[in-house]
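Read the structure below first, then the notes.
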Amino acid sequence: MILSLVYLDHAATTMVRDVVLVEMLPFWKEEFGNASSVYPLARVSREAIECARRRVQLAIGAVFPEEIFFTSGGSESDNWALCGVMRAHAGKGRHLITSKIEHKAILNSCAWLEKEGFDVTYLDVDAKGEINLNQLDDAIREDTVLISIMFANNEIGTIEPIEEIGKIAKRHHVLFHVDAVQAMGCLPVDVQKLGVDLLSLSAHKFYGPKGVGALYVKKGTKIEPLIFGGHQEFGMRAGTENVAGIVGLGKALELIVKEQSDYATKLVSLREAFIKEVQKQIPFCHLNGHRVKRHPGNVNFSFEGVDGRVVTLLLAEKGICCSSGSACNSHDSSPSHVLKAIGLSDQEANSTVRFTFGRENSFSEMEYVVKMLKEIVNRLRNDG
Ligand SMILES: *Cc1c(COP(=O)(O)O)cnc(C)c1O
């Protein structure tokens, strides 16, 4: 890792792989053609986009390449899925079901839709972060159009029962959107097996570039556009394509999916070694999230009596990158909505540190981090 940083914040973002960067580079320079133009230079861009689209199609098990739409990232994909589907079905029904632990890209889209007169049910989760399938079933009404539940939580790592939710959605003829931004690459994602109608991805969470994502929309699903303008992306998402970004997304996804089971195995072994060592060496710590149904690379601990933000700042001085709660919350002093939803007090939520592992991490790094963490937590507890 650059400058011997120990990077344990892969849920926030990841570094672009060399091979991905190499494929992207020409599209910022010599292959700069606008994919909509007619000359050969433009054709190179167009073909690169279609190659990326097929890579995404294969990676997630979509039936048609036309089911893949490129966007500016996970947030846009989530916004578009929710706003686009609800607006397109407003005549049929105005009810949407989600959970209390979704990413802000989902929750703030829901808040906006409520202002437009849509009705949102926010499902509770249990102490491990799992939704209750019976509660979901009970929440479905005549006018329910869409269920949106994330695959793996970005803060506590809990994996939701996506396949079961897909069956419930199908039984009630309700559409199902999945935010798979954290899951992609770490867990098997097959849109047909999971029974999902829409699925969000973001390249920078799987060693691709920032600012590019995709939305899978099952053929025949009614959805209105979110961005208006030209005819790009089958007339559904306007704007001159981010060709380099799209190429990077396609390559990064192809690679991570090929490696998925080895990658997950590596992450689980790092995760388990780290959890075991922290629990052995640091008293009064609690692991948040599900013990088993958990994102392979996620560790989230509350350390009694210390401020998680202070811990992350002191770890940063030792070259260790991790976050307190979620990266999105690090500019905000209110406790994380996810930690509150699993029943933590404000104080417990504020004593939380998240470590998320990735490709480049090693066991020797883990030892160093545990050592530093132990020193810091002990010091803060003795000062307090
Ligand atoms: C990172 C993330 C997003 C947002 O993706 P961006 O590409 O950063 O906009 C959405 N959902 C989840 C679960 C995420 O982890």
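Observations
- Within the shell defined by Cβ-Cβ distances under 11 Å, the residues around SER202 carry a net charge of -1, with Lys and Arg each +1 and Asp and Glu each -1.
- The slack in the chain from ARG381 to LYS193, taken as 0.36 nm per residue of separation less the alpha-carbon distance, amounts to 62.8 nm.
- Bridge type composition, region 148-200 - antiparallel percent by DSSP, nearest 5: 10
- Highest-first arrangement of 192-202, 36-46, 124-134, 7-17, where packing means the average Cβ count within 10 Å: 192-202, 7-17, 124-134, 36-46
- Counting Lys and Arg as +1 and Asp and Glu as -1 over every other residue whose Cβ lies under 13 Å from the Cβ of VAL268, the net charge comes to +4.
- Of all DSSP beta bridges confined to region 167-277, the antiparallel ones make up roughly 55%.
- Efficiency of FRET from Cβ geometry, GLU30 and LEU133, R₀ 41 Å, rounded to 0.05: 0.20
- Paramagnetic label zone (point 7 Å from Cα along Cα-to-C-beta, TYR122; backbone N under 14 Å) in region 332-372: 335-343
- Comparing ARG141, ARG237, ARG294 in a Gaussian network model of the chain where C-alpha atoms under 10 Å apart are linked, the largest mean-square fluctuation is found at ARG141.
- Fraction of the pair-distance distribution of region 49-129 above 23 Å, Cα-Cα pairs, percent: 38
- Considering only the chain, percent of DSSP beta bridges that pair antiparallel, nearest 5: 50
- Radius of gyration and Dmax over the Cα atoms of region 121-233, both given in Å: 14.9, 47
- Between TYR39 and GLU360, the FRET efficiency estimated from the beta carbon spacing at R0 = 41 angstrom works out to 0.50.
- Sorted fewest first by neighbouring Cβ atoms within 10 angstrom, LYS210, LYS280, LYS205 come out as LYS280, LYS210, LYS205.
- Grouping the Cα pair distances of region 18-256 into 5 Å bins from zero gives a pair-distance distribution of 1, 7, 15, 19, 19, 16, 11, 7, 4, 2, 1, 0 percent in increasing distance order.
- Listed peptides 82-94, 359-371 by packing density, highest first (mean Cβ within 10 Å): 82-94, 359-371
- The chain, relative contact order [Cα under 8 Å, separation at least 6], %: 23
None of the figures in this text is laboratory data; all of them are computed from the coordinates on show. All of these numbers come straight from a predicted model, not from anything done at the bench. Cβ: placed from backbone, ideal geometry, glycine included. Neighbour counts: every protein chain shown.
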